[in-house]
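The values are calculated or read from the model by the stated rules, or taken from the named source; none is laboratory data. What you see is a predicted model; the values in this text were computed from it and never measured. Ideal geometry is used to build each Cβ from the backbone, glycine not excepted, and the neighbour counts take in all protein chains shown. What goes into the accessible areas is simple: the full protein's heavy atoms, side chains included, and nothing from ligands, DNA or RNA. Shrake-Rupley method; radii C 1.70, N 1.55, O 1.52, S 1.80 Å.
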Amino acid sequence: FRREGHVLADFDDTRAREWFCALDYGFAHYTVVLLGCTDGDGNLFVVDEHAERLWLPQRHAPAIKAMLARQKIGDRKLELGDLKRFVAGSDVFSRQSDGTTVAAQYAKHGINLRPATTDRVNGWAEVMHGLGDVNSGQRPTLFIHQRCKRLIETLPALQHDPNRPEDVLKVDADEDGVGGDDAADVLRYLVVTKNRTITQRKLRGF
């Protein structure tokens with residue numbers, strides 16, 4: 001990860017062809033949401049970030065909507081309905097002691113989450129591929145706006161897991177929310193999770 005090669009000071013939102021979000025849930029730890037888009041050349045841009053701790057979904061929801069509204073689609077502000085997908089880690093779909101889920105709490109505020117692809121090895125491989133490799137001449141296709149401060153701080157601190165070199169070492173934030181790899185996990189969800197595709201075929205012979 002190279003700040004000078006991957007971090008953008010500006011982004012022209014008219015380049016965006018498809019918008020999407022990813023979320024990693026926390027309370028004592030940070031809840032992090034990243035907003036991304038792809039352009040016509042297959043590049044992926046992470047254009048904005050929402051990161052707060054000790055907040056409930058009803059407080060996060062308006063802040064997430066305000067994050068989207070900082071971008072434009074045509075001559076209006078970007079809205080939830082414009083997103084191709086809004087994915088989250090599996091913990092938001094786990095039933096709590098009262099029988100509800102965090103995903104259901106977000107749904108009450110119009111944020112309909114679906115499960116992210118959480119395969120760590122393939123996810124990190126896609127992130128690394130997107131960051132490119134100067135030595136082999138592979139150009140980057142993944143770029144991050146300077147607004148995404150927590151993500152930009154997190155990426156250089158990531159280390160390979162010594163027990164599983166193809167994976168990244170899992171690091172939790174401390175009780176004050178300092179450190180942790182929450183933002184990097186969201187990037188992994190954002191990069192590796194694709195749209196569900198439905199194919200239709202005509203059946204013959206009936």
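When the inverse distances between all different Cα atoms of the stretch 1-133 are averaged and flipped, the Kirkwood radius reads 16.0 angstrom.
Each of the peptides 39-48, 142-151 was scored by the mean count of other Cβ atoms within 10 Å over its residues; in descending order, highest first, they stand as 142-151, 39-48.
For the stretch 22-88, dividing the convex hull volume of the Cα atoms by the residue count gives 86 Å³ per residue. Dipole size of the stretch 1-135 about its Cα centre, with +1 on Lys/Arg Cβ and -1 on Asp/Glu Cβ: approximately 480 debye, rounded to the nearest 20.
Y25 sits with roughly 60 Å² accessible to a 1.4 Å probe, with DNA, RNA and ligands left out of the calculation.
Averaged over all directions, how much area does the convex hull of the C-alpha atoms of the stretch 95-163 cover when projected, in nm²?
8.1
The length gained by stretching the chain between W55 and R164 to full extension, at 0.36 nm per residue less their Cα-Cα distance, is 35.9 nm. Using the Cβ-Cβ distance between R95 and L8 with R0 = 30 Å, the FRET efficiency computed as 1/(1 + (r/R0)^6) comes to roughly 0.15. Taking I152, I73 and ordering them by how much accessible surface each has at a 1.4 Å probe, largest first, produces I73, I152. A 1.4 Å probe over all protein chains sorts S97, S90 by accessible area into S97, S90, starting with the largest.
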